[in-house]
Amino acid sequence: MAVFQPVNEQLGYCFHPPADPHELGHPQLDVVLRATPTGEHFDPEALTCLVATTTGSTRLHIGHPWTQDTTYRVCAGEIAIEDARHEQVKAFTFGGTLQIDTDARRTVCRLASPAPLLQHSKQALSLDEHFIEEVAILFAQRRAVQDDDDFERRLAAADPLLLYRACLKTLHEKFEHFPVTDDAHRHFKQFLRTATQAATEEFANLTDLL
């Protein structure tokens, strides 16, 4: 069961800090969709993410007011938060639980995950962005060797934490013997090594999950 943290409804969106400041990503994302924008900050108008279905996954577009289900199982993939001017804040998730609370004033979306939620950065060499890019390559490679529908079903069914750890393991093995060309690559290799060693549970194989 997902453990949700309190929401700060004064903000348009909020990535909650990890328990350990040295950890990658965030455990929870809150998005507040209001009937009337505040004009004081980024005012989200919609949230889009992939959610599980009986046959795989579908893209869910959430706006205010919200009259559909209030709990969803989110699948691994991209998240987009968009305002009325079509400006976007984007993130990547390995999956989690989405809880929606709505009334006449606003709709609050809370996404919690046991695996890190990663916010896209404008800095191409940031650790989060580098990790998202490499995970996307892994997913593309797994998709290429199987039927698209089968891949989507397996991705939708994957446990978020196991999927994250499987990606860590695969990328650690991939980059372990790569030469270090700059500080960004050194930092990335160090992260993979440290994160892999810090995990106390068994790592899954990516080929078994996807």
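The values are calculated or read from the model by the stated rules, or taken from the named source; none is laboratory data. A quick note: this is a predicted structure, and the numbers were derived from the prediction, not measured. Counting neighbours? That spans all protein chains shown, and the Cβs are built from the backbone with ideal geometry, glycine included. Surface areas here come from the heavy atoms of the whole protein model, side chains and all, with no ligands, DNA or RNA. Shrake-Rupley method; radii C 1.70, N 1.55, O 1.52, S 1.80 Å.
Values for this structure:
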quantity: Residues that are at pLDDT 90 or above and more than 12 Å from the chain's Cα centre (by Cα), drawn from the range 9-31; calculated: GLU9, GLN10, LEU11, GLY12, TYR13, CYS14, HIS16, PRO17, PRO18, ASP30, VAL31
quantity: Subset of the range 78-104 (residues that are open to solvent by less than 30 Å² (accessible area, probe 1.4 Å) and in contact (Cβ under 8 Å) with a residue 40 or more places away in the chain); calculated: ILE79, ILE81, ASP83, VAL89, ALA91, PHE92, THR93, PHE94, GLY95, GLY96, LEU98
quantity: Complete set of residues in the range 25-66 that are in contact (Cβ under 8 Å) with a residue 60 or more places away in the chain and open to solvent by 20 Å² or more (accessible area, probe 1.4 Å); calculated: HIS26, PRO27, ARG34, ALA35, LEU50, ALA52, THR53, THR55, SER57
quantity: Positions within the range 148-202 being surrounded by fewer than 16 Cβ atoms within 10 Å (Cβ to Cβ) and part of a loop (DSSP other than H, G, I, E, B), in sequence order; calculated: ASP159, GLU176, HIS177, PHE178, PRO179, VAL180, THR181, ASP182, ALA199, THR200, GLU201, GLU202
quantity: Candidate set from the range 124-135 (those that are free of Cβ contacts under 8 Å to residues at least 24 places away in the same chain and in a helix (DSSP H, G or I)); member that is most open to solvent (accessible area, probe 1.4 Å); calculated: GLU133
quantity: Every residue from the range 154-169 that is out of contact with any Lys or Arg (no Cβ under 9 Å at 6 or more places or on another chain) and closer than 18 Å to THR93 by Cβ; calculated: ALA157, ALA158, ASP159, PRO160, LEU161, LEU162, LEU163, TYR164, ARG165, ALA166, CYS167, LEU168
quantity: Considering residues of the range 32-59 that are among the hydrophobic types (A, V, I, L, M, F, W, C) and closer than 19 Å to VAL7 by Cβ only, the residue modelled with the lowest pLDDT; calculated: ALA35
